[in-house]
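FYI, it's all coordinate maths here, none of it is from the lab. If you're wondering where the values come from, they're calculated on a predicted model, not measured in any experiment. FYI the Cβ positions are ideal-geometry reconstructions off the backbone, even for glycines, and counts take in every protein chain you see.
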Amino acid sequence: MIGENPEQRASKKCRPCEGGLDRLTVDQASAQLGVLAGWRLTDEGQRIRKDWEMRDFRAGMDFLNRVAELAEQEGHHPDMHLEGYRHVWIAIWTHAIGGLSENDFILATKIDRLPVELKCQPSPLTP
């Protein structure tokens, strides 16, 4: 997992976990955030979280439905929230080990590849 680029990480599948995965230290988890845009450590380094401001309510619900489908495919389920009709946030951790594992970063990488309609989409001409 160390030194993986997003392409390598996205090609992986979450492994089933009944407590048999290694729990990452805060330093290991921090290092993994380098290839994830907008994700941050929360809960004393035991979870990762990302927030989005969607174009509108429907865009938020569409995105959450895509995340739900992905989570089912991966067998790894994040906490998903929609607040104030367009503010979406997702928190991920491996419940069975009470902290972060490689699965969490695989899922976050795949979530980042899903289509999303943000309130302020960057211009196609903006680098």
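Residues in region 73-88 that are in contact (Cβ under 8 Å) with a residue 12 or more places away in the chain, closer than 18 Å to TRP52 by Cβ, surrounded by 14 or more Cβ atoms within 10 Å (Cβ to Cβ) and not basic (Lys, Arg): 5 in all. If I ask for residues that are surrounded by fewer than 18 Cβ atoms within 10 Å (Cβ to Cβ) and under 14 Å from the mean Cα position of the chain (by Cα), which ones from region 92-124 would you list? The answer is ASP112, ARG113, LEU114, PRO115.
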